[in-house]
Amino acid sequence: MSFVSELKEALVGDPDARFVFLGNFEVERLWAVGSPQLPGAAVSFAASTVNRMEELGLLLADTHDVVVLKSEVDEEYRRYLQSVGVRLPRTLVVDANHPEATVTQDAVASPRLLSALRQLNDGNTYLCPLGTSEVEMTLSELSGLPLSGPPANICRAVNSKVYSRRLCEELSLPVVPGGVAQSIGELGELIAHHRPDGGTCTVKEPLGVSGRGQVVIRSERQAASLLRMLAKKAGALEFVVESWIPDAIDINYQVLISRHGEISIQAIKEAVVVDGVHRGHRFPAQLSERQRSELLLAGMAIGRRLFADGYFGIAGIDALVSSTGTVFPCLEINARFNMSTYQNNLFGESSGRVGRAVQFGILVDQPVRFSALRDALSDTLAEGLDGHGILVTNFATVNAAVVSGKSGKGRLYGVITGSSEQEVASIQDRSEKALSEWSAA
C-alpha cells in the first residue's frame, strides 16, 4: 500500500477515498495569533515564496485526488514530472493569487473554486490540509467537504512546545534540560540556571516555526536585555527555556495516528538545521539500533497520548541525539505534515538509496521557465524515480518573489539520491555550481 493510501485508511477508513490537498505551509502563523511572543525573535520571512510550496502536493496526491494551487503548474515542469514517472493528480486553482496569503486564504475568497469544490462532494471526498486552522475549517463549511483530520483547536493545542515538554515529562521521556516560564521572574531564573559557566540556552515561543519565535541567549547582557523588553510588554507570558546541546544531531520522524488509535512510525530522517531554520534532511538517519529503538518506543508512547488528547493524523516530531549518544525523542510536536511527508510516496526508507532533500537559492529578476533550469541541471537530473541524481520537487517557489512584483531570491527544491553520501554530496556540489553559472550568465 502506498503512503497516501495508508494515510487515507488511517484518517477516513478508506484507502481509495479522494483527498483535496491544501499546502497551507506555516499554518503556525495563524495558530500563534494571540500567543505570547518574544521581542527580537523574528527572522526574515518571504511569505510569497513559502506560500508557493503548496506545489509539493503534486508528489503526495494520487491520480484521482485533487491539489489546490495558487496558480497553474508550469507546463514544462508538469511534463518533466510525468517524464520521470510521477503520476499527477487533478489540480484546481484559486480565482486570484494573493502572494502574501496562504492557498486556503485565497481559496475561501474564490467563488469559482468554491463552486468546483462543492461539485466534488460525493460523500467520500475530504479536505486534507497540511495543518488545520480556523481558515481551513471555514473552507470546509463553504465547500461542504469534511476535513480529514481533527479541528483547529486540538491541532493548535498539541502543536505547542509547552504541550510537548509537559507530555514528555509526564511520560518520563528524556527531555533537554530546561523548563516552562510563566513569569518574568521564572524566566530569569531558568535562563540563569540553564546557561551555567556562561553557556548558551534558547528561549522559545510556544508556537514559533522555522526559526521564528526563538532567541538564543549567549551572554548576561542578552539575557538582561530580553527580560527588560518583556517587562515592558503587557499580557500573558509563557515560554520554553532549553539548554543548548552542542554538536547534536537533529532528527525528524513522523507518527501516523489513525482515527481509531492505531499508531505507526513513518520516515526517520536526519534534519539539516541552520540557525534554528529547517533547510532539508538526509536519509537514512545515521542512528544506532539502540537509538532507533528508543525513538520508535517514544514515538508509540507519544502517539498514544496524542490520540487520548483527541489528535489523529500525521504528527511530525523533532528529536535530538547528543554528542554522547543520548536520545531526546521529542523537542516539539508538529500537528501537521512536514516537508518529508510530501516525499513519503516516492522515497521510502527501504529503497536502499541514500538521499538528501535540498533547496537552492536562485536570484531572479523576471519569471523563469522550467526548461532553463532543466537545461542548466542536465548533468545532474535523475532520469527516473529509481535513478540517481536530483528530482525537482517544487518549481513554483523559483518565481514567487517575481510574481509578487519584485525581484529577489527564489528557491528550487529537490531531493538528491545516490548510492552513497559521497555521491549525493557530489551531485549537490555540481548542481549548485551549474545553477550559479546559469544565474551569472
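Each reported figure results from applying straightforward, stated rules to the coordinates on display, with no laboratory input. Note that the structure is predicted; figures quoted are calculated from it, not measured. Cβ: placed from backbone, ideal geometry, glycine included. Neighbour counts: every protein chain shown.
Summary table
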item	result
Residue exposure sequence - LYS233, LYS70 - by fewest surrounding Cβ within 10 Å	LYS233, LYS70
Likely footprinting exposure, GLU134, GLU170, fewest C-beta neighbours within 10 Å first	GLU170, GLU134
Karplus-derived 3J(HN,Hα), 6.51/-1.76/1.60, for each residue of region 97-113, Hz, glycine and proline x	8, 9, x, 7, 9, 6, 4, 6, 4, 5, 5, 5, 9, 10, x, 5, 5
Per-residue Cβ neighbour rank within 10 angstrom, fewest leading, MET1, MET300, MET53	MET1, MET300, MET53
Vicinal HN-Hα couplings computed from phi for region 427-441 (Karplus, 6.51 cos²θ - 1.76 cosθ + 1.60; Hz; Gly/Pro x)	4, 5, 4, 5, 5, 4, 5, 5, 5, 5, 5, 5, 5, 7, 6
√(5λ) per eigenvalue of the Cα gyration tensor, region 352-441, largest first, Å	25, 12, 11
Rg to Rh, two decimals, where region 3-149 supplies the alpha carbon set and Rh follows Kirkwood	0.98
Most mobile listed residue (ILE154, ILE416, ILE333) in the chain, GNM with C-alpha springs under 10 Å	ILE154
Distant-in-sequence amide H partners of ALA271 (H built 1.01 Å from N, under 5 Å)	ASP250, ILE251, ASN252, ARG282
Whole-number Å³ per residue for the convex hull built on Cα positions in region 247-350	99 Å³
Cross-link pairs LYS409/LYS433; LYS70/LYS204; LYS70/LYS409; LYS233/LYS409 - those with Cα-Cα distance over 24 Å	LYS70/LYS204; LYS233/LYS409
Inter-label distance, nm, simple model (7 Å from Cα along the C-beta direction), GLU186/VAL216	2.7 nm
Pairwise centroid distance, computed over Cα atoms, of region 320-359 with region 371-390, Å	24 Å
Relative counts (whole %) of C-alpha pair distances in the chain, using bins that are 10 Å wide	4, 21, 31, 28, 14, 3, 0
GLY313 long-range amide H proximity, modeled H, under 5 Å	ILE257, SER258
Gain on full stretching of the segment that runs from SER225 to HIS64 - 0.36 nm per residue minus C-alpha separation	52.5 nm
Derived scalar couplings ³J(HN,Hα) [region 333-344; Karplus, 6.51 cos²θ - 1.76 cosθ + 1.60; whole Hz; x for Gly, Pro]	10, 9, 7, 5, 5, 10, 4, 6, 4, 6, 9, 4
The chain, relative contact order in percent, only Cα pairs under 8 angstrom and at least six apart counted	17 percent
GNM result for the chain, Cα springs below 10 Å: residue of GLU423, GLU205, GLU136 fluctuating most strongly	GLU423
Stretch gain in nm, segment LEU237-SER172, where the contour uses 0.36 nm per residue and the Cα spacing is subtracted	20.8 nm
SER436 paired with SER293, simple spin-label distance in nm, labels 7 Å along Cα-to-beta-carbon	4.5 nm
All aspartates and glutamates inside 15 Å of LYS269 as judged from Cα atoms, apart from same-chain residues fewer than 8 positions distant	ASP250, GLU289, GLU294, ASP318, GLU349, GLU421
Long-range HN-HN contacts of ASN394 with modeled amide H, under 5 Å	TYR413
Linear extension gain, ALA157 paired with SER419, 0.36 nm per residue minus alpha-carbon span	90.2 nm
